[in-house]
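All of the numbers you see were taken from the coordinates with simple rules; none came from a lab. Since we're looking at a predicted model, the values are computed, not measured. For neighbour counting, all protein chains shown are included, and Cβ atoms are generated from backbone atoms with ideal geometry for every residue, glycine included.
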Amino acid sequence: MSEGSSGSGNIKASDLFVKCLEAEGVEYIFGVPGEENADVMMSLMDSPIQFVLTRHEQGAAFMADVYGRLTGKAGVCLATLGPGATNLVTGLADANMDRAPTVAIIGQASTKRLHKESHQNMDAIAMMRPISKWATSIVEPSIIPEVVRKAFKVAEAEKPGVTVIELPEDVAERKTHGHPMKVFKTRRPAADHKAVQQAVDLLLSAKCPMVLAGNGALRKRAAAQLRRLALKAGMPVFNTFMGKGALKREDPHNLFTIGLQAKDYGNLAMDKADVVLVVGYDPVEYSPDKWNAKQDKKIIHIDFQPAEVDQHYTVEVDVVGDIADALWQINIALERDHDDRLPLNDIGKWQKVRQQIQDDHACEKDDFAFPVKPQKILWDVRQYMGPRDIILSDVGAHKMWISRYYPCDEPNTCLISNGFCSMGFALPGAIGAKIACPDRKVMAICGDAGFLMNVQDLETAVRLKLNVVIMVWADGEYGLIKWKQQNEFGKHSKLDFGNPDWELLAQAFGMWGRTVRTAEELPAVLAEAHSQPGPALIGIPVDYAENLKLTKKLGSLVMSS
């Protein structure tokens, strides 16, 4: 690759573009190239950046999404113009709403034909704007350093999300001058000291304070300060689906996940709260009208951005700034001024409720019925996976079971798409996770519907020799839709479909595969799957008769006092 200089036109634009990516610390690009980004691909051949060729652009976007979530650095995906760009859309929308830093690079036709009808020409940037934080086209090669720097800075800034760079083919091949801009760290602003003091005062006066931890509580070292505050204030902590791991499983302050629509233990407990400390919460996950229906709770909002406007989320104190810093300030104030009162509340009064939840998690652990109950599957998976190992949940009925029955010890060890909720997320996402964290076990749990939406990227995992384990819960129906239709109407539309033979499907891709035929064999199958040199596929018939039983159960729960 030729070296550029600021004073001469001796560097190809695509070479400069790749140099700017290198300066941003990019190590991997996931994607499917086309004719219109051929120059970029040639420039990448002389770069240390590894291009991961995928089998679908949507899969590439999901890989970049998960890579960004786990590393905190923007994951990068690439597609060509037209259908390549449109195929990225679902994955990019998912990354943007789930707050995953992601930069998408898309090709475009020559600028000489964008003003008229021409082959595959469409306004891709206009399409990308509603699903991204920022999207732009490079119309002049000299602006490449600024555009690339801004794309990464915006994507990684709180709240993180998607940015899109379009590079037309004729711009990419031109000669230019320039060099990458310096990458520097931006310090996030600290919370206002008056707002912090108001939060402290409200916690001191609260009779029954609680914490709701969302997606943002897992980022930028916030979880460590949250664990410290829970101890000092003696507050029970609930997490949203995407807030799993904010507290460890064994922490007595952890009352696990809240977020199912029906009345669960968490909802019953939350009904008693007079003050709720809400940390890194995204309303897209769990609408506040579900946990503050009476609008009777005083809310302390702690986030990188001001609170969303919602009549069920009228905040008493809006603490805006770096979450970890805001929690640290509260901790320091409590230690400095109120050490003789700490902990402020007795967490012991919540241990009966915590035990109820834990007993519920274990209720079917010794049930060996077949097809296998969701609770039993997740008990065995949780027993097998280590505290830092990663599972990814696709979207479907299994997501609801994972959210309730799979507790975590560490942030970002259970990745769930719960903002945009995209089916097809978990399989390609697992590839991104294994590349980001090669030393950890990675398992994708999919429904049979979501699995087949991106099944083609099994070949990518085989080619890369990645030991990702894909577990498919098979019921031959769109199970979550059936569940919701039955709840609302007492019947359901036609939602059944056929499935492949899982072992033959794995064999066709040249990988290990097994269909579970008894509940007893699952632990051994998990161990064998994770011992493979490449990917592994586990098909397991699931008993979704448990869905309606869970609905009935959640409607009749009584919380221990």
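Converting phi to 3J(HN,Hα) with the Karplus coefficients 6.51, -1.76 and 1.60 and the offset θ = phi - 60°, the range 94-103 yields 5, 4, 5, 7, 8, 6, 10, x, 8, 10 Hz in sequence order, with x at every glycine or proline. Distances between placed amide hydrogens fall under 5 Å for residue 134 paired with 164, all partners being 5 or more residues away or on another chain.
For the chain, averaging the sequence separation of C-alpha pairs within contact (under 8 Å, six or more residues apart) and dividing by the residue count gives a relative contact order of 13 percent. Taking a point 7 angstrom from the Cα of residue 527 along the C-beta vector, which residues in the range 384-402 have backbone N less than 14 Å away? 384-385, by backbone N distance to the label point. Among beta bridges from DSSP that stay inside the range 425-549, the antiparallel ones total about 5%. With the helix formula -39500 (n - 2.57) applied to DSSP H stretches of n ≥ 4, the chain reaches a computed 222 nm mean residue ellipticity of -11000 deg cm²/dmol. One equal scatterer on each Cα of the range 163-296, no solvent, Debye formula: the resulting log10 I(q)/I(0) at q = 0.12, 0.20 Å⁻¹ is -0.57, -1.26. In order along the range 338-355, the phi-based Karplus estimate (6.51 cos²θ - 1.76 cosθ + 1.60, θ = phi - 60°) of 3J(HN,Hα) comes to 9, 4, 6, 9, 7, x, 5, 9, 8, 5, x, 6, 9, 6, 5, 5, 4, 5 Hz; Gly and Pro are listed as x. Of all DSSP beta bridges confined to the chain, the antiparallel ones make up roughly 5%. Taking the Cα centre of the range 11-176 as origin and assigning +1 to Lys and Arg Cβ atoms and -1 to Asp and Glu Cβ atoms, the resulting dipole is close to 340 debye. DSSP finds beta bridges in the range 11-176, and of those with both partners inside it, around 10 percent are antiparallel. When you filter the GluC sites (Glu not before Pro) in the range 101-162 for DSSP loop state and at most 10 other Cβ atoms inside 10 Å of their Cβ, you are left with 117.
Cα-Cα over 21 Å: which of 441/482; 365/399; 373/434? 441/482; 373/434, as the Cα separations exceed 21 Å there.
Cα gyration tensor of the range 282-332, axes a ≥ b ≥ c as square roots of the eigenvalues: rounded (a/c below 1.5), prolate (a/b > b/c) or oblate?
Note, shape of the range 282-332 comes out prolate.
In this structure, the residue pairs whose Cα-Cα separation is over 20 Å, taken from 207/298; 159/484; 272/349; 244/484; 290/484, are 159/484; 244/484. Ordering 314, 257 by the number of other Cβ atoms within 10 Å of each residue's own Cβ, fewest first, gives 314, 257.
For the range 417-507, applying the loop criterion from DSSP together with a ceiling of 12 other beta carbons within 10 Å to the trypsin sites (Lys or Arg not before Pro) yields 465, 491, 494. 3J(HN,Hα) along the range 207-223, derived from phi through the Karplus expression 6.51 cos²θ - 1.76 cosθ + 1.60 where θ = phi - 60°, amounts to 8, 8, x, 9, 10, 10, 9, x, 4, x, 5, 8, 9, 6, 6, 5, 4 Hz, with x in place of Gly and Pro.
As a proxy for reagent exposure, 512, 473 were ordered by neighbouring Cβ count within 10 angstrom, fewest first; the result is 512, 473.
Hey, got the dipole for the range 362-554? About the Cα centre, +1 on K and R Cβ, -1 on D and E Cβ, debye to the nearest 20?
It comes to approximately 420 debye.
Selection among 338, 10, 82 by position relative to the dipole of the chain gives 338 as farthest towards the positive end (Cβ unit charges, Cα centre).
Dipole size of the chain about its Cα centre, with +1 on Lys/Arg Cβ and -1 on Asp/Glu Cβ: approximately 880 debye, rounded to the nearest 20. Residues 77, 446, arranged from fewest to most other Cβ atoms within 10 angstrom of their Cβ, appear as 446, 77. Under 17 Å from the Cα of residue 552, which aspartates and glutamates turn up, not counting those fewer than eight places away in the same chain? Partners within reach: 264, 360, 364, 488, 543. Toward the positive end of the charge dipole of the range 362-554, with +1 on the Cβ of Lys and Arg and -1 on the Cβ of Asp and Glu, the farthest Cα among 479, 430, 451 is that of 479. Classify the range 259-368 from the C-alpha gyration tensor, please: rounded if a/c falls under 1.5, else prolate or oblate depending on whether a/b exceeds b/c. The shape class here is oblate.
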